[in-house]
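K.L.:
So that we are looking at the same thing, I have put the structure below in structure tokens.
Values quoted throughout were computed directly from the atomic coordinates according to the rules given, and no laboratory measurement underlies them. The model shown is predicted, which means the values in this text are computed figures rather than measured ones. Using ideal geometry, Cβ is built from the backbone for each residue, glycine included, and neighbour counts are taken over all protein chains shown.
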Amino acid sequence: MQQADYIIHLAGAGVVDKKWTVAYKNEIRESRTESSRLLIDALKNNNNKVKAIVSMSAIGWYGADAEAVKPFEETDAADTGFLGRNL
């Protein structure tokens, strides 16, 4: 980390790997929040020259493709389901 200019953070339990039980939903959420927290703490507590971090957490943020002709945009609202509310 002390030598990195950029960090790409793609960690997290797979959203299609298992049935979404209460326990697995917690694992999905915590695998993202805790790994992000660990990364932030490491950056705060160690000398580094990181210029930027790219972090991605889940497919499904915007929900199902309702209109195939209109791609999703950053300004679109999140889906109202689990992924949109929690990730």
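K.L.:
Once you list every other residue whose beta carbon is under 11 Å from the beta carbon of Asp5, what net charge do they have if Lys and Arg are +1 and Asp and Glu are -1?
P.N.:
Values: positive: Lys49, Lys51; negative: none.
Value of the local net charge: +2.
K.L.:
Aspartates and glutamates near Lys44 by alpha-carbon distance under 16 Å, same-chain residues fewer than 8 away left out - which ones?
P.N.:
Once the sequence-local aspartates and glutamates are set aside, what remains near Lys44 is Asp5, Glu34.
K.L.:
To continue, here is another question. With n ≥ 4 as the cut-off for DSSP H runs, can you work out [θ] at 222 nm for the chain, using -39500 (n - 2.57) per run divided by the number of residues, rounded to the nearest 500?
P.N.:
About -11000 deg cm²/dmol.
K.L.:
When Glu34, Glu73, Glu27 are ordered from fewest to most other Cβ atoms inside 10 Å of their Cβ, what list results?
P.N.:
Listing Glu34, Glu73, Glu27 from fewest to most nearby Cβ atoms yields Glu73, Glu34, Glu27.
K.L.:
Kirkwood hydrodynamic radius for the chain: how many Å is it when counted over pairs of different Cα atoms? Show your work: numbers first, answer last.
P.N.:
Working: mean 1/r = 0.0671 Å⁻¹.
It works out to 14.9 Å.
K.L.:
Ok, one more. Measure nothing fancy, just the Cα-based angle from helix 22-45's long axis to the longest principal axis of the chain, in degrees from 0 to 90, nearest 10.
P.N.:
So the inclination is approximately 30 degrees.
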